[in-house]
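Note sheet for the following structure.
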Amino acid sequence: MNSSRTVPVLILFATVALAVSGCQTVKPGESDLKDRAQTTIGKPVIKVSNIRNDFNTTYYTAQTDGGEYKCELPSGPMVALGSMGMGLGAQCTKQ
């Protein structure tokens, strides 16, 4: 491969990788947060609230019939690229 084409090809692959890696992981929606909390907790989640993000983690509260859980979900562009769009699980602890 010609070295003058290497950089544009690498940029193209990086762009495609970011596009395919799953925008939901970059900034997960409320329904995604609810689904991931239900999977972790093992109980139906009534609602999610207090959603806040930093660069690498989304923090939120999941409410079930049995109480509230504080949850953390890895998110952000590096997590999206590293997981290639496959969903990571939330970590939840009962309040």
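Taken together, the values in this text are just the output of simple stated rules run on the coordinates, not laboratory data. Here the structure is a predicted model, which means the values were calculated and not measured.
Using 0.36 nm per residue, how much length does the chain from Asn50 to Arg5 gain when fully extended, once their Cα-Cα distance is taken away? Can you show the working numbers first?
Details: separation 45, 0.36 × 45 = 16.20 nm, distance 4.72 nm.
Gain on extension, Asn50 to Arg5, equals 11.5 nm.
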| request: Please list the non-local residues whose amide H lies under 5 Å from the amide H of Thr57, H modeled 1.01 Å from N, same-chain partners needing a gap of 5 or more. | output: Ser75
